[in-house]
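The values are calculated or read from the model by the stated rules, or taken from the named source; none is laboratory data. All of these numbers come straight from a predicted model, not from anything done at the bench. Cβ: placed from backbone, ideal geometry, glycine included. Neighbour counts: every protein chain shown.
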Amino acid sequence: MTSSSPFPLIVWSDASGEHTARWRSEAGVPPPRRVVIADDRISADAAYRQACEGTALLWRGDFQNARQLLQAMSRRIDRKPRKQSASPLDAFNAHRQAQAQRARTLGMLLITLEADYSIALRRAPDVKAACEEAYGQADVDAGESASSVVSLRELLGLIGAHEWRKKGVEIAALGARIHPHYGVFSPVRGEYVELVARAPLPAGTLAFDIGAGTGVLAAVLARRGVERVIATDTDARALACARENIARLGLDGQVELLEADLFPPGRAPLIVCNPPWLPARPASLIERAVYDPESRMLRGFLDGLAAHLEPGGQGWLILSDLAEHLGLRSRDALLAMIDAAGLRVIAKDDVRPVHPKATDPSDPLYRARAAELTSLWRLGMK
């Protein structure tokens, strides 16, 4: 059911009649068709069974009990035995399918947000700041018609992102923190930042950073002494996030943020790009930083690089080889893309990832993660 509002509507009934509210889903999930009221009396088994059957539970009990119920439902998902996969690619596909099913099931526990983003439940936290960062300013003038319904799982994600934004991520190469916004990939994989921090600069006059994200790589280049850095992105959240981080670091005079699809106008002696590493379709906004359908951004960067490099300049491609270990893209295919773009490999710097999943044998993608290398490919024109 929809209206002239930009929001889809969710519909449910209780003893007082039929109700509607705005439906919020950052992942673009449609509103559930079957909605029942649930409270502290429901058991975890009953809630899990209904969620698996596609029935959403609109919570009317204690907020902290809802969190505990969500955890209990999650444990029931984790108890399911995992089938052994014949190949890394089969393991990846099964893993993504399981992730999608998990998100669907856990997304069935719903919370109502009032027009001002408050929650009218016992022991509910103040989530107004977290919601405003993700959804924008509350539409308090609209009254009850601006109330909305969101999955508790998404709401907890908003709260976590708000805490990350406040705390920030320590970046050794900057000696400072980068503060990621909701929906902008956090630079927790610090090894790729270190590669940019230590690779020899071909010039110190100008650099393009393609896909600015939080602004971390633009900031590292500026701190390394590059006189002017132009960082581009197509996502408004990323540009706002990068702008805030660059200002906090006092680098406004060196770094320019520009909304552009890949390259800004002109040429530069150094062009840096850290595209999504896996050629697959993202299932949510945040996954766009991880999954690059048909390697579109990677191909776009390589195909346009020669036209934007100054003579003798270098393109720095930061890329994990996880896709190769998963069977999603071969090394020969990557080298063929580089060659077809009129480019040559000058050098390649590698580093092993240090994230916990690389050493966790229980992770379904452990074999691929354990073999993974992150590389900075230094490319030049033929």
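Worth a mention:
- Of the strands (runs of 3 or more DSSP E) entirely within the stretch 1-101, those holding at least 1 residues that are at positive phi and not β-branched (Val, Ile, Thr) occupy 17-23.
- Where Gln314 falls short, out of the listed (1) modelled with pLDDT under 95; (2) within 21 Å of Val196 (Cα to Cα): (1)
- Check on Ile111, buried (at least 16 other Cβ atoms within 10 Å of the Cβ), under 24 Å from Asp45 (Cα atoms) and in contact with a Phe, Trp or Tyr (Cβ under 9 Å, 6 or more places away or on another chain): yes
- Scanning the stretch 10-20 turns up one or more residues that are without any contact (Cβ under 8 Å) to a residue 24 or more places away in the chain, over 12 Å from Leu109 (Cβ atoms) and β-branched (Val, Ile, Thr).
- Those residues of the stretch 170-212 which are part of a helix (DSSP H, G or I) and not aromatic (Phe, Trp, Tyr), in sequence order: Gly190, Glu191, Val193, Glu194, Leu195, Val196, Ala197, Arg198
- Across the stretch 364-382, the number of residues qualifying as part of a loop (DSSP other than H, G, I, E, B) and either aliphatic (A, V, I, L, M) or surrounded by fewer than 16 Cβ atoms within 10 Å (Cβ to Cβ) (or both) comes to 3.
- Any hit, the stretch 229-240, residues being surrounded by fewer than 22 Cβ atoms within 10 Å (Cβ to Cβ), among the β-branched types (Val, Ile, Thr) and farther than 18 Å from Gln314 by Cβ: yes
- Reported count of residues in the stretch 55-68, each being under 26 Å from the mean Cα position of the chain (by Cα) and either without any contact (Cβ under 8 Å) to a residue 24 or more places away in the chain or crowded, with 20+ Cβ neighbours inside 10 Å (or both), is 3.
Okay, residues lined up against (1) outside the structural domain of Asp209 (by TED's automatic domain parsing); (2) part of a loop (DSSP other than H, G, I, E, B); (3) at pLDDT below 95:
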{"position": "Leu258", "(1), (2), (3)": "no, no, no"}
{"position": "Pro265", "(1), (2), (3)": "no, yes, no"}
{"position": "Pro269", "(1), (2), (3)": "no, no, no"}
{"position": "Ser284", "(1), (2), (3)": "no, yes, yes"}
{"position": "Ser295", "(1), (2), (3)": "no, no, yes"}
{"position": "Arg299", "(1), (2), (3)": "no, no, no"}
{"position": "Asp303", "(1), (2), (3)": "no, no, no"}
{"position": "Ala307", "(1), (2), (3)": "no, no, no"}
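- Close pairs from the stretch 266-290: first more than 26 Å from Glu154 (Cβ to Cβ), partner among the basic types (Lys, Arg), Cβ under 6 Å, at least 6 apart: Pro279/Arg329
- Residue match in the stretch 329-336 (condition: assigned to a helix (DSSP H, G or I), farther than 30 Å from Arg24 by Cβ, of a type in the set (Ser, Thr, Tyr) and without any contact (Cβ under 8 Å) to a residue 60 or more places away in the chain): no
- Restricting the stretch 337-361 to residues that are aliphatic (A, V, I, L, M), in a helix (DSSP H, G or I) and at pLDDT 95 or above, the residue that is surrounded by the fewest Cβ atoms within 10 Å (Cβ to Cβ): Ala340
- Among the candidates Leu373, Leu335, Leu343, Leu319, the residue that is among the hydrophobic types (A, V, I, L, M, F, W, C), assigned by TED's automatic domain parsing to the domain that holds Glu191 and in contact with a Phe, Trp or Tyr (Cβ under 9 Å, 6 or more places away or on another chain) is uniquely Leu319.
- The lone exception for Gly250 - which of (1) more than 14 Å from the chain's Cα centre (by Cα); (2) within 18 Å of Leu376 (Cβ to Cβ); (3) assigned to a loop (DSSP other than H, G, I, E, B) it fails: (2)
- On inspection, Leu206 passes the criterion of being under 24 Å from Gly380 (Cα atoms), surrounded by fewer than 22 Cβ atoms within 10 Å (Cβ to Cβ) and either in contact with a Leu (Cβ under 8 Å, 6 or more places away or on another chain) or polar (S, T, N, Q) (or both).
- Matching option when the condition is under 25 Å from Ala307 (Cα atoms) and in contact with a helix residue (DSSP H, G or I) (Cβ under 9 Å, 6 or more places away or on another chain), among Ala176, Ala199, Ala219, Ala203: Ala219
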